[in-house]
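The values are calculated or read from the model by the stated rules, or taken from the named source; none is laboratory data. From a predicted model like this one, the values you see are computed outputs, not experimental measurements. Virtual Cβ from ideal backbone geometry, glycine too; neighbours counted across all protein chains shown.
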Amino acid sequence: MKTTKFFLIVLATLLIGLAAAWGINQALARGNSAPAATVSPIHPTFALRDESGENVLVSAKPISTMKTCGKCHDAEFIASHSFHADLGLSSYGQGGSNAWDTSNGLFGKFDPLTGRYLSQVGDERIDLTTAEWLKLYGWRVPGGGPSLTSRQGKPLASLNPSASDPETSILNPLTGNTQAWDWAQSGVMEMDCFLCHFTTPNNTARTAEIQSGQFAWANTATLEGTGIVTKSGNSYSFNTSAFDESGNLKPEFILVQDPANANCAQCHGTVHTDPANPLTVTACDTTQPQTAATGQLIAPERISESGLNISGKANLGRSWDIHAERELKCTDCHYALNNPAHYQEALENKPAHLTYDPRRLDIGEYLTTPDHNFARGQSAQFTVAPELKGTMRRCDSCHNAQTAHTDWLPYTERHMAVLACETCHIPQLYAPAIESYDWTVIKTDGSAQTACRGIEGQSTITNLVTGYKPVLMQRKNIDGKTLLAPYNLVTTWFWIYDDAKGNTRPVRQVDLQAAYLENGQYNAGILATFDADKNGQLSDTELVIDTAAKQDAVTAKLTALGLKNPRIYGQVQPYSINHNVTRGEWVVSDCETCHTASSRVSAPIQLAANIPGGVLPEFVKDSNVAGSGQLVKNADGSLSYQPMPANDNIYVFGQTRINWIDWLGALAFVGTILGVGTHGTLRYIAALRHPKHAVKTQKVQMYDAYERFWHWLQTISIVLLLFTGLVIHRPDIFGVFSFRYIVTFHNVLAAILVINAALSLFWHMVSGQIRQYIPRPRGFFDDAIVQAKFYIDGIFKHQPHPFEKTKDSKLNPLQQATYFGLLNVLLPLQIVTGALMWGVQKVPAITNLLGGLPVLAPFHSLVAWLFGAFIVAHVYLTTTGATPLEAMRGMVTGWEELEVHGKE
Amino acid sequence: MKSNKPFWILGLIGILAVVMVPTIIFWPKTASATSDPWSQMPTHPIHVDHKDIIKGPFATPQDVTKACLECHPDAAKDIMMTSHWTWESQPVSIPWRNGEEVTIGKLNQINNFCISAQGNQKSCMNCHIGYGWQEGDEAANLQNPENVDCLMCHAISGYAKGSYGNPADTVDLAAAAKTVAIPGRAQCGKCHFDGGGGNGVKHGDLDESLIYPSENLDVHMGRYNFICTDCHVTEKHVVKGRLLADNYTINPSEQVSCTQCHAETPHEDERLNFHTQSVACQTCHVPAMALEDPTKVSWDWSTSGKDIGDDHFTYLKIKGNFVYEKNVQPTYMWFNGSNEYRYLLGDKIDPSQITYINKPAGSIEDKTAKIFPFKMHLANQPYDTGMNYLLAPITSGPGGYWATFDWNDAFTKAQERMGLAYSGNYGFTQTYMLWPTTHMVQPKEDALQCSVCHGENGRMDWKALGYPGDPMTWGGRFSKK
């Protein structure tokens, strides 16, 4: 008991401490003010050690995190269980979407935004060697993995410097040749524990060391500003005042914590918490990768209170991210996979009878060997760590979507089955995001032509920030199911060429610069072709390959550099959007957003304002969405992606139209109207010419009360069903009607119709009246011809109806045939297709067996058109009684004046 | 056959019923209908222009009252039963005085602003709704209905108080009387905005910015142009609402509350509705006070009397040093609507401690208490070092401290006039007063967000409130453990 209590107190202190550390760091991490460090209330003091395990106070060598933290924690285990460290090294050689991709991670997978790629052994031209890769990306490489180990698994420091090996060389941009890189001299980067676990890591100082090639000192530099180390010359000295007499750090310098959002933000994107300091961002700033690529940023602040010049900002009382608002942090969802507090066993791994397995790591074991593979979703950074996909808690691990939606969302199960939560809960991104990068040209500062969506201009403070609506794509989940989910599409164009070995590689930026520039300015050949206004400068509108002449000029330049078959290539990279979730009134909750002609589901997204070289981009092959829509070249020269839900076998009521069905149906309907109109006119003319002589009639009780009841109930049901169905089919035309209520009304009417039909069938069978509906087989065709002749001829001459209408024989042969078809074909078809469409929420398997909504729904529409046509004809034919309204009156009152058929 | 006509109509009705009834049953529910706050709004009498009703001129202010009473015969009788007139609460049994029954109010008690109205009638009667109350004559003065000052609340323009509650000499009584109407924010605000000796001094959530409030200042008064009596519902001159500072216990039925109009759990978000068990509406919806005009947060009487140059916001010779602040974050305490303690003249103090003039009642154990925002005012005010109780100096009027700057004289005079014994030695001690922050209400767009209180950046001191830690992670007091 006592130990439990003690444990709880310790745990409580730990949690409070971590929360405190996180919270305060949050507030201070991103502001301009000097960050204040929070001392860990629980982490014991420790000595800083070098790579041989000696106290750095003695050796004055760079800190080895593996030796320092590894004193207590299983650093080996941590480094080997972390895709943050691995970054694709372990999958090196597996290749990827592009021919020049060598892995699935940052180390080897081409990033078209930087335009640089990792060179392989044997590449004709060298772009990024390992050392240069580290210099370029080091600011977001936490160390370990490829910054420690070679592609063959050897320690980098053990490799012999060699100018011919991309692992042990670096490109000299002045000569264009590689020169040897001595890893033993530059040192390597161990996984930097401080970067994520210190309250005030100095990534700026760390990055400076990396960029200057002083890899060994990078981790030590992370502590600059804490008072523990001071930069002196090319190395760092340790401040003895930070250490006690036994060589351990003094408690006030133990700034260790559970990673805070700000730690993650150093490499992933914008995080903002300081309420006193409104949020600002730089549009499409690639130092905030996820914010730049998607517009997602993590802040509890209301958008209306941010510092961005957002359109309609005053009314945006929602927070940037509901989870940040509610004090969740990155690690709450992206937790260490063996964290006993968060870890959840996969359903398929546990016996069916067990809901919770309490046998977990105890906290001590976890703190010694925390798995640094973190739970991840299955879309963002799609190719990375595929074995961990879907380990993260999903929305439905924490939220009970059913209870939150069933009381208002019709077809809840169906919506959940086809829509990702994000689709409705992230309706809009309010920060700008990258739209396109055009590396087919290059600016004099070596950058690409870029375009940013969601902003009119560049500055988020002085230009209007409009944000953007993400495009909805079919995301294929690891469980094989497909969901509609929001994405940003980033399109890039760049030159590729074939090297001597026939390998395709992107044209290096050094080569592109050589083709375009001379002494930092555009060369004469380029100017001659590109400079339309001849002012010696290339404006943004001029610096684009929009003519064959420009393309030829650059091709010629590149060819002259020895690049074979240089050509423009474009690709579209989908970036999944999962953060910046909102709730309540901010969520898409009105049916009309999707169930209408201008549906959200098929809303296009602009890919680029122009199409360099006219080359249409391709979707990358290694993502979980298929670009099943169309690339649309717009009249203004821009390129859009138009989702085509129909191509994905998606039927969205109100949005999807099968044109030929509607045309066919409308044709039948209008044809019937024209037919009966013509017939009626002719009858009218005939009646004028030959006034009808009085016919002898007699009043007969034609219809029982029940017959009239079911008939009129069916009439009302069908008419209302046709109307409500039309509203559901074309809600954009009937905007005054609420889609949601109309759907419910339609379903209720359908139920009434089915029940009424069943009861009346029962009545007809029991009363034997059903016999009236069964055509007599014998002589039926002759009779039918007689009746048809009457309609095309006799009726105009006031001839009597060829078949007497009596209470026991109400239907003439043509009617019998019509009703036979109507009741045995059309009505059952309509009931079955309708029921299955309704059943898509309850028994989707059966519906899908019969083709699913894409088949059933158009069928249902077609039959509805035919019903409409029937009603027109049916109503018209009631006017052929003794007087035009007599049959109608009969059906209302039950008594009808009938012509007396004499047998003269 | 003819009888068929009504029959088919019956059939039609039957058919329509068959269609309508299931439709109504299955009709999708709209978002749960929240209660309509507007339905609880009081209606005010239609304004009657008194321009032609009032016949002047009036020789004395009492003549005006007499004229009013001709048509409103009960008005004086009604209002003379209210604390607006009596300046004291109903008698209440005081536990720390062995159940002695006392009343509390400006009539007989002190605060930590100007300290005492008693003995300072010349100035303080500016805010009494009567005429001519002088030191020692309350028995006679307060019995006379003609002394009721109708104009003070009802004259919309042309009226101001002078000395001893009488109209200023410049006032044209007849002209002022012609403007009478239902009191607006400016009329109530004359005393309630300027209490403590100036605009915004006392409350923090009430100041002159509310006379013409912007939408962002107060959603009720700014966006919807509420007047005070829309919430402080008034019947027979009894204005709903009790001042915490001048009461010991307050019956909730006498207090104004948000739930007069709003539902107990009005939020669409269940998580927010859970909060209403322990968090007062004001806590989130009044994130800060003194939004436009600053309020006094501390006052040091001990430095008064020096000729070091007066500045309205920092130092006045007659009052000492003070600190004004704008956009003040409230102090949060458990509060069940009453005081746990209200200092009564003569109560012994421990001068080494900060004395609470009033201390709101409530704790985490008190299920009726909620976390509530307060303005905390810290004063350094005189006490009798011999008697160990707080002193009430005579300040205004001839011979008062503001004329003589002689504390001893001010306390000796007080002994004569109020009977508060003075040992001859005084010192200064610190005191707190707590004023509930309940105006300057913000709509949901500007209410506090989770992280303002929760997380370690939060403004709540959870430990001080009695929680083991942030209830977001530790669970609230109603959570099942």
Review point. Are there any pairs, at least 6 apart or on different chains, whose C-beta atoms fall under 6 Å, with the first in the range A:853-877 and assigned by TED's automatic domain parsing to the domain that holds residue A:841 and the second modelled with pLDDT of 90 or more and of a type in the set (S, T, N, Q), and if so, which?
Key: A:856/A:833; A:859/A:833; A:860/A:833; A:863/A:830; A:869/A:672; A:872/A:672; A:873/A:672
Exercise for review: Inspect all residues belonging to the range A:222-238 and state whether any of them is hydrophobic (A, V, I, L, M, F, W, C), outside any loop (DSSP other than H, G, I, E, B) and over 41 Å from the mean Cα position of the chain (by Cα).
Suggested key: yes
Check your understanding: Can you name the residue in the range A:794-834 that is among the aliphatic types (A, V, I, L, M) and either outside the structural domain of residue A:894 (by TED's automatic domain parsing) or free of Cβ contacts under 8 Å to residues at least 12 places away in the same chain (or both) and, of all such residues, is nearest to residue A:697 (Cα to Cα)?
Key -> A:825
Practice item. Answer yes or no as to whether residue B:244 is crowded, with 20+ Cβ neighbours inside 10 Å and within 29 Å of residue B:48 (Cα to Cα). Key: no
Practice item. Report yes if some residue within the range A:396-410 is free of Cβ contacts under 8 Å to residues at least 24 places away in the same chain, within 26 Å of residue A:376 (Cβ to Cβ) and not in a helix (DSSP H, G or I); otherwise report no. Key: yes
Study note, to complete from the structure: Exactly one of A:365, A:435, A:413, A:422 is of a type in the set (Asp, Glu), without any contact (Cβ under 8 Å) to a residue 12 or more places away in the chain and not in a loop (DSSP other than H, G, I, E, B), and that one is A:365
Exercise for review: Select, from A:273, A:286, the only residue that is under 24 Å from the mean Cα position of the chain (by Cα), at pLDDT below 95, of a type outside the set (Asp, Glu) and outside the structural domain of residue A:38 (by TED's automatic domain parsing).
Suggested key: A:286
Exercise for review: Scan the range A:611-633 residue by residue and report those that are assigned to a loop (DSSP other than H, G, I, E, B) and modelled with pLDDT of 95 or more.
Suggested key: A:611, A:615, A:616, A:617
Exercise for review: Kindly indicate whether residue A:743 is buried (at least 19 other Cβ atoms within 10 Å of the Cβ), within 11 Å of chain B (Cβ to nearest Cβ) and at pLDDT 90 or above.
Suggested key: no
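Residues are listed down the side, and each one gets a yes or a no for (1) surrounded by fewer than 16 Cβ atoms within 10 Å (Cβ to Cβ); (2) in contact with a helix residue (DSSP H, G or I) (Cβ under 8 Å, 6 or more places away or on another chain); (3) in contact (Cβ under 8 Å) with a residue 60 or more places away in the chain; (4) within 14 Å of chain B (Cβ to nearest Cβ):
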site: A:519; (1), (2), (3), (4): yes, no, no, no
site: A:542; (1), (2), (3), (4): no, yes, no, no
site: A:550; (1), (2), (3), (4): no, yes, no, no
site: A:554; (1), (2), (3), (4): no, yes, yes, no
site: A:604; (1), (2), (3), (4): yes, no, yes, no
Review point. What number of residues within the range A:566-594 satisfy the criterion of being of a type in the set (Phe, Trp, Tyr) and within 14 Å of chain B (Cβ to nearest Cβ)?
Key: 1
Check your understanding: Tell me, which residue of the range B:130-151 that is among the aliphatic types (A, V, I, L, M) and modelled with pLDDT under 95 is farthest from the chain's Cα centre (by Cα)?
Key -> B:140
Study note, to complete from the structure: Scanning the range B:4-23 for residues that are touching a helix residue (DSSP H, G or I) at 6+ places or on another chain (Cβ under 9 Å) and either aliphatic (A, V, I, L, M) or more than 9 Å from chain A (Cβ to nearest Cβ) (or both) gives B:12, B:15, B:16, B:18, B:19
Practice item. Hey, can you tell me all the residues within the range B:263-299 that are assigned to a helix (DSSP H, G or I) and of a type in the set (Lys, Arg)? Key: B:271
Study note, to complete from the structure: Note: among B:122, B:51, B:66, just one is in contact (Cβ under 8 Å) with a residue 60 or more places away in the chain, surrounded by fewer than 17 Cβ atoms within 10 Å (Cβ to Cβ) and not in a loop (DSSP other than H, G, I, E, B), namely B:66
**Study point:** Residue that is farthest from residue A:576 (Cα to Cα) [pool: residues in the range A:616-655 that are of a type in the set (A, V, I, L, M), out of contact with any helix residue (DSSP H, G or I) (no Cβ under 9 Å at 6 or more places or on another chain) and touching a residue at least 60 places away in the same chain (Cβ under 8 Å)]
**Key:** A:639
Practice item. Return a yes/no flag: does the range A:163-173 have any residue that is outside any helix (DSSP H, G or I), in contact with a helix residue (DSSP H, G or I) (Cβ under 6 Å, 6 or more places away or on another chain) and of a type in the set (Ser, Thr, Tyr). Key: no
Practice item. Could you list, in sequence order, all residues of the range A:809-821 that are more than 14 Å from residue A:764 (Cβ to Cβ), surrounded by fewer than 18 Cβ atoms within 10 Å (Cβ to Cβ) and of a type in the set (A, V, I, L, M)? Key: A:817
Practice item. Would you check if residue A:429 is buried (at least 17 other Cβ atoms within 10 Å of the Cβ), within 14 Å of chain B (Cβ to nearest Cβ) and of a type in the set (A, V, I, L, M)? Key: no
Review point. Any residue at all in the range A:307-317 that is assigned to a strand (DSSP E or B), touching a residue at least 12 places away in the same chain (Cβ under 8 Å) and away from chain B (no Cβ under 14 Å)?
Key: yes
Check your understanding: Among the residues of the range A:746-757 satisfying the criterion of being under 9 Å from residue A:714 (Cα atoms) and crowded, with 19+ Cβ neighbours inside 10 Å, which is farthest from the other protein chains (Cβ to nearest Cβ)?
Key -> A:753
Point to revise | Per-region count, the range B:1-34, residues within 60 Å of the chain's Cα centre (by Cα), surrounded by 14 or more Cβ atoms within 10 Å (Cβ to Cβ) and at pLDDT below 85 | key: 1
Exercise for review: May I ask you to list the residues in the range A:318-344 that are surrounded by 20 or more Cβ atoms within 10 Å (Cβ to Cβ), within 13 Å of another protein chain (Cβ to nearest Cβ) and assigned to a loop (DSSP other than H, G, I, E, B)?
Suggested key: A:318, A:320, A:321, A:327, A:329
Point to revise | Residue that is nearest to the other protein chains (Cβ to nearest Cβ), among those in the range B:446-480 that are among the aromatic types (Phe, Trp, Tyr) and in contact (Cβ under 8 Å) with a residue 40 or more places away in the chain | key: B:467
**Study point:** Only listed residue being of a type in the set (Lys, Arg), closer than 30 Å to residue A:798 by Cβ and within 14 Å of chain B (Cβ to nearest Cβ), chosen from A:683, A:689, A:708
**Key:** A:708
Check your understanding: If you check residue B:432 against the conditions, is it hydroxyl-bearing (Ser, Thr, Tyr), touching a residue at least 24 places away in the same chain (Cβ under 8 Å), more than 27 Å from residue A:316 (Cβ to Cβ) and within 14 Å of another protein chain (Cβ to nearest Cβ)?
Key -> no
